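Trainee: Structure provided below as structure tokens; questions to follow.
The values are calculated or read from the model by the stated rules, or taken from the named source; none is laboratory data. As the structure is a computational prediction, the values presented were derived from the model and not from experiment. Quick note on the areas: whole protein, heavy atoms, side chains included, nothing else; ligands and nucleic acids left out. Shrake-Rupley method; radii C 1.70, N 1.55, O 1.52, S 1.80 Å.
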Amino acid sequence: MIKPWLPTFWRTKDYVVLFFKTDSSKVLYFREHPQYIRNLWFKGLLDPSILAALLRNDLIPNEQKEEALESIIQSNQTIFPESIREEDMSTLITKSFPKVFKRIAFEERNISSFEYANHAKRWTVVWYIKKYGLDEAIVLALSLTFIGDHPWHLKDALKEMFSEDHLLKSSFVRISEEKGYRIPTLLGF
């Protein structure tokens, strides 16, 4: 619920989010209203740059920071990491975005969810793998996800990534063979 202390035109989240998108530093205007700030990020509807501004300015209490990251990562909001400003991405990385993303996307296997993997986070999955590489948890999640029914848009994005990056492709094969995981032919192997 939007707080009654706000003027009427501020009482819709859409207006506030649009205002913050034009200049995310304006989040400081709301530093005296922690419940309002929590309401902004709680449903995972914030733009990553706004979440970064809230984190950068310590407007989210320490005990809620991981929950705020989880909120945006678990949402069905599309995130294009390459379009996030460098300063904002640096803040998100510093505040554990990659660690939380890995847990939710790969370890909890949300990448097997069609809506999540095809539309909301496929570009974040590709970005993460390109930036941080592959490990046993990621290879296992991909191997299990691409058996039978699978998120086809994510499949296409990963197939393209592996065809362009032969080091990632050989790393995937090596880890799969070492651990005895099935190598998914759907990804171009």
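Trainee: With a 1.4 Å probe and all protein chains kept in place, how do Phe114, Phe162 rank by accessible area, largest first?
Mentor: Most to least solvent-accessible, the answer reads Phe114, Phe162.
Trainee: Okay, moving on. Quick one: grab Rg to one decimal and Dmax as a whole number for the stretch 48-113, Cα atoms only, in Å.
Mentor: 11.6, 34
Trainee: Which three numbers, in whole Å and largest first, are the semi-axes of the equivalent ellipsoid of the stretch 81-189 derived from its Cα gyration tensor as √(5λ)?
Mentor: The answer is 22, 15, 13 Å, longest axis first.
Trainee: Counting every Cα pair in the chain, what percent are over 29 Å apart?
Mentor: Above the 29 Å cut-off, the chain has 30 percent of its Cα pairs.
Trainee: Would you mind getting the accessible area per residue of the chain, heavy atoms of the protein chains only, 1.4 Å probe, in Å²?
Mentor: I get 52 Å² per residue for the chain.
Trainee: Here are some pairs, Lys102/Lys130; Lys95/Lys121; Lys26/Lys131; Lys130/Lys155; which of them have Cα atoms lying more than 21 Å apart in this structure?
Mentor: Those over the limit are Lys26/Lys131.
Trainee: Give me the percent of the accessible area of the chain that comes from carbon and sulfur atoms, probe 1.4 Å, all protein chains in place.
Mentor: The nonpolar share, carbon plus sulfur, comes to 52 percent.
Trainee: Using the Cα atoms of the stretch 140-187 to build a convex hull, what is its mean projected area in square nanometres?
Mentor: 3.0
Trainee: I've got another one for you. Once you order the gyration tensor axes a ≥ b ≥ c over the Cα atoms, which shape class does the stretch 22-79 get: rounded for a/c under 1.5, otherwise prolate or oblate by comparing a/b with b/c?
Mentor: Because a/c hits 1.5 or more and a/b fails to exceed b/c, the stretch 22-79 counts as oblate.
Trainee: Please calculate the 1.4 Å probe accessible area of Glu108, with all protein chains present, and give it to the nearest 10 Å².
Mentor: Accessible area of Glu108: about 90 Å².
Trainee: On to the next question. Give the accessible area for Lys169 in Å² (nearest 10); use a 1.4 Å probe, count only protein heavy atoms, and leave out ligands, DNA and RNA.
Mentor: 60
Trainee: Here is a further query. What accessible area, in Å² to the nearest ten, does a 1.4 Å probe give for Lys99?
Mentor: Taking all protein chains as shown, Lys99 has close to 130 Å².
Trainee: Then there's this: Express the relative contact order of the chain as a whole percentage, based on alpha carbon pairs under 8 Å and six or more residues apart in sequence.
Mentor: Contact order relative to length: 16 percent.
Trainee: Further question: Under 8 Å for C-alpha pairs, at least 6 residues apart: give me the relative contact order for the stretch 65-158, rounded to a whole percent.
Mentor: Result for the stretch 65-158 is 35 percent.
Trainee: Counting each DSSP H run of 4 or more residues in the chain as -39500 (n - 2.57), what helix-only mean residue ellipticity at 222 nm follows after dividing by all residues, to the nearest 500 deg cm²/dmol?
Mentor: My calculation for the chain gives -16500 deg cm²/dmol from helical runs alone.
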